[in-house]
1. Taking the options A:225, A:291, A:271, name whichever one is surrounded by fewer than 18 Cβ atoms within 10 Å (Cβ to Cβ), at pLDDT below 80 and touching a Ser or Thr at 6+ places or on another chain (Cβ under 7 Å).
2. Scan the stretch A:218-227 and give yes if some residue there is in a helix (DSSP H, G or I) and either within 26 Å of the chain's Cα centre (by Cα) or within 29 Å of residue A:95 (Cβ to Cβ) (or both), otherwise no.
3. How about the stretch A:341-373: which of its residues are more than 25 Å from residue A:312 (Cβ to Cβ) and among the β-branched types (Val, Ile, Thr)?
4. Is there a residue being under 16 Å from the mean Cα position of the chain (by Cα), among the aliphatic types (A, V, I, L, M) and at negative phi anywhere in the stretch B:165-177?
5. How many residues are touching a residue at least 12 places away in the same chain (Cβ under 8 Å) and more than 11 Å from chain A (Cβ to nearest Cβ) if we restrict to the stretch B:240-250?
6. Regarding residue B:121, is this residue surrounded by fewer than 24 Cβ atoms within 10 Å (Cβ to Cβ) and hydroxyl-bearing (Ser, Thr, Tyr)?
7. Taking the options A:261, A:251, name whichever one is surrounded by fewer than 24 Cβ atoms within 10 Å (Cβ to Cβ) and under 30 Å from residue A:226 (Cα atoms).
8. What number of residues within the stretch B:211-239 are within 7 Å of chain A (Cβ to nearest Cβ) and aliphatic (A, V, I, L, M)?
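The values are calculated or read from the model by the stated rules, or taken from the named source; none is laboratory data. Quantities reported herein were computed from a predicted structural model and do not represent experimental measurements. Because the Cβ atoms are built from the backbone with ideal geometry, glycine has one as well, and the counts that use them run over all protein chains shown.
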Amino acid sequence: MSGSSSVARRQEVNFLPDINKPQKHSLAHGWTNPRSRLPKGNELPQQGRSQRPTISKDEIAMFRNSVWKNTCVEMLRGGFHRSFSELSAVLGRWKESRLAAGPGSVIWQQESLDKQPNKLHTLQHYLTRAEAAQRAGAWDQVYDNQLCLAQFFSEPEDRWLSHHFYQVSLASAQRFKMDGGQKEAEASANVAQVYMEQGQVDQARELYECLHQLTAGRLWSKVGGISLRSEACEGLCKVYTLLADGLLQTNDYKPAIKMLNKAFQMAKEAGDRRIEGEAAYRVGVAYQCVGDQEMAKRFLNMYMEICLALKDAEGQGKAYKAITKSLESEGKQAESVQCLEKYAEVSQSNGQQRNLQDACMCLGVACTSRGHDNRACTYFEQGYEIARDLGEVSLLQKAQVYLGSARAYSMIRKYSRHVETASHSDLQILIAWKARREDVFTDTTSSVTHT
Amino acid sequence: MNSMKGSKSKVLSLISTLNPLANPRGAKKLCELCEKPSYLQCTKCRVTFYCDSEHQQADWVGIHEKVCQLLIPIRTTVDFHSLQADRDNHCAQTLQRQEELIEISRAVAQKSLFEGKYQQSLPASQLSLRCAMNVYGPRALQLVPAYLLLAEANIGLGSLAQAEEYLSQAEWTVMKMPECSHTIRHQLHRNLGRLYAAKDNLEGALLHFANDVYYSCEEHGLENIVTCGGYFLMANVFTKQGKMDIANSLYTEVASTWHSHLTTLLDTHTQGSRMLPQLLDEAQQAEADQMLRAMLEIQESSPKQDAAQKVLVSHSLAMLWFLGGSLDKALDFGRQALQLSQLVPDHSLAEPIQILMQLAAERDQHPTNAS
């Protein structure tokens, strides 16, 4: 029966059946097949269908069903049940965290993953490829595909997906032993970074230490050319610094210094001078907190040298300032002023107005504490002028206050001298000052000192 | 055999002949199964008619024995009630009885299907379908379960054209009702998949099984034994296609799901609540047994045997039979699992197997405790 109908379809079909040449077939089953009782209605769509491309079941499904369902079915019919369950789990987790966050939160406003065809297709593509590789036992390809997924989701709202796939990829990389652990090292570096982003310092530390061991004596590098070894060292340096910061906040200086020393060692190993310098600076500052000025100066000088080598004026200034602090607490005032002068010099020669202003203020304070009021006044004036040029109100106000008090100090001695001697001329000067409220002492006294 | 003969003679004694020409005008008495003019009548209810004794017998065995008396109030015409309230009451009662009948016949059909008695399940599912049509109309969603039962029986019997017809009906009904539940969709697609697999249209079968898994996952969750059934059927299709790696991956999934399910069941069972039928009904038991055995056979026939998988499956079977109450089989499979587990590097399963064996041995010695 089907054969006869296909034959009929292949023949040229007229609008009305040919009267001269009656077709036996159509007459024969015209009564048995209820459909063929309506020749017009039956034949016309057939004719149309042969001209137009037919619509397959898949295309109908694509049109009728949601993107999510189509993606799932597409994966399942290929037998990719792990991909399906992974995708469902990921979506389920997103929904859970959305519910937990409640309406009004950021995640509540975001669009669900199953409404974004682009992301779904990417997920489908790489997940199925990873699963195919897993079936074949090629864990390196599994890892590669999962890494692709992790790198694909770089938008801030998709960070959690990226994190998830980095973690999954670590598990796959651990099962791949052919390369001596390079992929594992790479994966742990990624996951450790994820932990750092999430603020889970302890887990990050574990992973970085593991990575440090793995990369011992190896020259592995990532795709971008970054050496895994140095990444491990840098990461550890960061982790130790963070841990030390926590200790410093609770005033546990001894363990903090120990931790910072470790960080310094790691920074040294990482081979990045800048990081090494900063680590040294932190150690120095920590020693200052305990009062061990010798050690502090040693580390600060190290930092200074590195800054000199790197031509980092900012860093040099920072170093000078810190060293001054050490010298001051040791009581070496002359040296500390020298140091501050260097600070000012460096800042000036590099055009760092802000640092220069800071240096002037520090110098002014140092001079006041040693009783050199006039010098203090000039420093403060400088500082005031720079602040005015910078247009920073807070700095300006500070400078004004300092300058004012320094001037007052410098004046009060001369004023009291006049009051003490109380000769006629002194009294006249005092009256003149009272009347005009102008600085009359400086001129006269300066002429006196000059004479 | 004797009992069979006895029941046969008993069945034959239940019919009386009927002359169609002697029927009152307009009243057509049609055969319960084939709807042809009837010549026999059931003497117990007097409301059911048959064209020959063969159909009467099939109906008796299939469903009539259980519903004979229930049919009387539904099919006898009652006198006209003078009060509207009485009429309403009568209508409501009939409706309720018919709904009960639908449910009973559906359950009976389902049970015989799980036992593999396809022919026997046909009368019951037909009755269910007819009642549902009376109550809900010819195009209602409630007809779909009956259609699916009929289709499944027909696939089992190998009459695929018939099965296709029923499934097309079901599919059409479902398509028209977008609010249709996931359970029905999942069952529909599972049966469509079976049909396509039987017709050797493997790609089509895979598409339907994929839909089946999707819907059952929406309904029951991912790690569920119902969803697992879909995976198993899918794996069979992949085996037919010769894609053994995919099939194996699916079989592993099925095995581990059943294993974890049975382990939790065993835990709840040993912790005191001993209601077995509530834990796992007969149908599920039969399904699990069939699937796990099939997987064990596949493992044994495949060139590279996965011992871990075999341990998992035979342990599952041991648990299944322990829960099902047949301790000999449980011990058999347990021993097998224990032997195999020695070959596997991962020994985590050895301990639960031994515990199970001990439990089974204890039960075996004190059978009174078990019952």
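1. Only one candidate qualifies: A:271.
2. no
3. A:365, A:368
4. Looking through the stretch B:165-177, none of the residues is under 16 Å from the mean Cα position of the chain (by Cα), among the aliphatic types (A, V, I, L, M) and at negative phi.
5. Residues of the stretch B:240-250 that are touching a residue at least 12 places away in the same chain (Cβ under 8 Å), as a first pass: B:240-241, B:244, B:247-248, B:250.
Those still in the list that are more than 11 Å from chain A (Cβ to nearest Cβ) too: B:240.
Counting residues in the stretch B:240-250 that are touching a residue at least 12 places away in the same chain (Cβ under 8 Å) and more than 11 Å from chain A (Cβ to nearest Cβ) gives 1.
6. Considered against the rule, which asks whether it is surrounded by fewer than 24 Cβ atoms within 10 Å (Cβ to Cβ) and hydroxyl-bearing (Ser, Thr, Tyr), residue B:121 comes out as no.
7. Result of the check over A:261, A:251: A:261.
8. The number of residues fulfilling the criteria is 3.
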